[in-house]
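Quick one: this structure, given as structure tokens, is what I'll be asking you about.
The values are calculated or read from the model by the stated rules, or taken from the named source; none is laboratory data. Since the structure is predicted, the reported quantities are computational estimates derived from the model, not experimental observations. Please note: Cβ atoms are built from the backbone with ideal geometry, for glycine as well, and neighbour counts cover all protein chains shown. The protein model used for the area step is the full one, side chains on, heavy atoms only, and it has no ligands, DNA or RNA in it. Shrake-Rupley method; radii C 1.70, N 1.55, O 1.52, S 1.80 Å.
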Amino acid sequence: MRIVLFTGKGGVGKSTIAAGTAALTAAGGRRTLVLSTDAAHSLADALGAPAGSEPTEVSPGLFVQQVDAQLRFEQSWAEIQAYLLRVLDVAGVDPVAAEELAIIPGAEEVLALLELRAQALCGEWDVIIVDCAPTAETLRLLALPEALGWYMERVFPVERRIVKALGPVLSRAARMPMPEDSVFGAIERLHAELDEVHGLLTGPDASVRVVLTPESVVLAEARRSYTMLSLFGYRVDGVVVNRIFPEDGGDDWRAGWVLAQTDVLGQVCESFTGLPLWRSVYRTGEPIGVEALTQLAREVYADSDPLAVPSGSGPFRVIRTGPGAVLHLALPHVTRDQVDLARHGDELVVSVGSYRRLLTLPPGLSRHRVAGARMAEGELQVRFEEDTS
Ligand SMILES: Nc1ncnc2c1ncn2[C@@H]1O[C@H](COP(=O)(O)OP(=O)(O)OP(=O)(O)O)[C@@H](O)[C@H]1O
Ligand SMILES: [Mg+2]
């Protein structure tokens, strides 16, 4: 089963391209689900068909689903939230404000991705296409379980045992309600499920496509997302440049735009060297409905396979060199002075600007020391040597 995600700045055409790609693969005979985690219902609007919170067939083999984030939220988060609300209540926070406080920004969308896990596991689909919300922040949040791995493995079970044994006493002493064991259970489940989603989306059958329009502000954001996606282990396997003005005909206004876009298109090519670059012209009207979208996708992918499994090894790999090893992490558009490295036992903390990833080192490297790091060919290369001291 193939999973393709579409991300990009607001309004560039993510839903259109996602729906078009799905329509095309369904037309090619693959059972396809296109789902959106965004609260706005634009996927359904683009397809010109109603979408429910369960997969709905809009044309043969093409299903659309608008994930009900609220419902997911209630299912996965309710218990944890109820506990937080009790704590905030004791702390004297007004209940209405507490409702707001007990919701982590972005949490709804992350939880919506749990639906992706459910759909991937059900075995119904050949292809799942995800229309992501306007920023790639959600995908970054999915790395949270990985970052909490150490805590979840070592600290959390201890806390859980202590609270279970001493809960009532602690409650009285601290004048705070202590979480019941079921709250711990809910946290543990959520952690494991989110970790699975991250695993699915960074796995060999998944890839992310960046949609952009040929404008410098849009390109700047697309470049940043490319870096961020690579840092968090997502494999970008192509770029769709949408809303390109056709060159022929037109007045000065059009000629001006064509010139400006050509310039940015050149920069797009440089920014994503080595990746397929698909183009989509600015149409004379909104591409709405399965037929128009299939046609659009046909032109975009031309002779290329929209589901080609990305080649190469993905953004992260470790190569053994005798007793040592070199860790390679793709970090396009990043210079060495923008990267910070720190070592914590068997974890390597890689920071790029405000983004930070905790990479769990493969077994065998945990006793090696970092001997050096450099940026080369768009990759961070960290050299490990056996610690002989
Ligand atoms: N190639 C195109 N030619 C003409 N119109 C287009 C093209 N691509 C997208 N549009 C139109 O542009 C608008 C925005 O597209 P779309 O909803 O796909 O963007 P989006 O990136 O999903 O937006 P959001 O960030 O709000 O989710 C829609 O009205 C869509 O029909
Ligand atoms: Mg959209």
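In the chain, if the dipole is taken from +1 on Lys/Arg beta carbons and -1 on Asp/Glu beta carbons about the Cα centre, which of Val158, Leu85, Val4 is farthest to the positive end?
Positive-most Cα among the choices belongs to Val158.
Tell me which residues come under 5 Å, amide H to amide H, from Phe232 once H is placed; ignore anything under 5 positions away on its chain.
Hits under the 5 Å cutoff: none.
Also: Relative contact order (percent) for the chain, with alpha-carbon contacts under 8 angstrom and 6 or more residues of separation? Mind showing how you got there, number by number?
Working: 658 pairs, mean separation 72.1, N = 389.
That works out to 19 percent.
What are the ³J(HN,Hα) couplings of region 202-207, residue after residue, when phi is run through the Karplus curve with 6.51, -1.76, 1.60 and θ = phi - 60°? Round to Hz, x for glycine and proline.
9, x, x, 9, 10, 8
Given only helices, namely DSSP H runs of n ≥ 4 each adding -39500 (n - 2.57), what is the per-residue ellipticity at 222 nm of the chain, to the nearest 500 deg cm²/dmol?
Working: 12 runs with 161 residues, N = 389.
My calculation for the chain gives -13000 deg cm²/dmol from helical runs alone.
Quick one: check the C-alpha center-to-center distance for region 270-329 versus region 245-265, whole angstrom.
That distance is 25 Å.
Mind checking the full-extension length gain between Asp305 and Glu159? Use 0.36 nm per residue of separation minus the Cα-Cα distance, one decimal, nm.
Length difference between fully extended and current span is 47.5 nm.
Identify, among Ala330, Val281, Gly372, the residue whose Cα sits farthest towards the positive end of the charge dipole of region 267-389, taking +1 on the Cβ of Lys and Arg and -1 on the Cβ of Asp and Glu, with the dipole about the Cα centre.
Gly372
So how much slack lies between Cys122 and Glu196, counting 0.36 nm per residue of separation and subtracting their Cα-Cα distance, in nm?
Working: separation 74, 0.36 × 74 = 26.64 nm, distance 1.41 nm.
That pair, Cys122 and Glu196, stretches by 25.2 nm at full extension.
Still on this structure: Can you list residues from other chains, or at least 5 along the same chain, whose modelled amide H is less than 5 Å from the amide H of Leu361?
Glu347, Leu348
Most fluctuating residue of Ala120, Ala49, Ala40 in a GNM of the chain with Cα springs under 10 Å: which is it?
Per the Cα network of the chain with a 10 Å cutoff, Ala40 tops the list.
May I pose another question? Which value results for Rg/Rh of region 223-373 when Rg is the Cα radius of gyration and Rh the Kirkwood radius based on the inverse mean 1/r? It would help to have the intermediate numbers written out before the result.
Values: Rg = 20.9 Å, Rh = 18.8 Å.
Ratio value, two decimals: 1.11.
For the chain, what is the accessible area per residue in Å² when the probe is 1.4 Å?
On the way: 18660 Å² over 389 residues.
Accessible area per residue, the chain: 48 Å².
What are the ³J(HN,Hα) values, in whole Hz, obtained from phi via the Karplus relation 6.51 cos²θ - 1.76 cosθ + 1.60 with θ = phi - 60°, for each residue of region 295-312 in sequence order, with x given for Gly and Pro?
Going residue by residue, I get 4, 4, 5, 4, 5, 5, 7, 6, 8, 8, 7, x, 10, 3, 6, x, 8, x Hz, with x marking Gly and Pro.
First compute the accessible area of the chain with a 1.4 Å probe, then give the percent of it belonging to carbon and sulfur atoms. Show your work: numbers first, answer last.
Working: 10070 of 18660 Å².
Carbon-and-sulfur percentage of accessible area, whole number: 54.
Okay, moving on. Which shape class, rounded, prolate or oblate, goes with the chain when its Cα gyration tensor gives a ≥ b ≥ c as root eigenvalues, a/c under 1.5 marks rounded, and past that a/b bigger than b/c marks prolate?
Numbers: a/c = 2.02, a/b = 1.31, b/c = 1.54.
Since a/c reaches 1.5 but b/c is at least a/b, the shape of the chain is classed as oblate.
Another question, if that's okay. Considering amide H positions built from the backbone, and no H for Pro or chain starts, which residues 5 or more places from Gly48, or on another chain, come under 5 Å of its amide H?
Gly289
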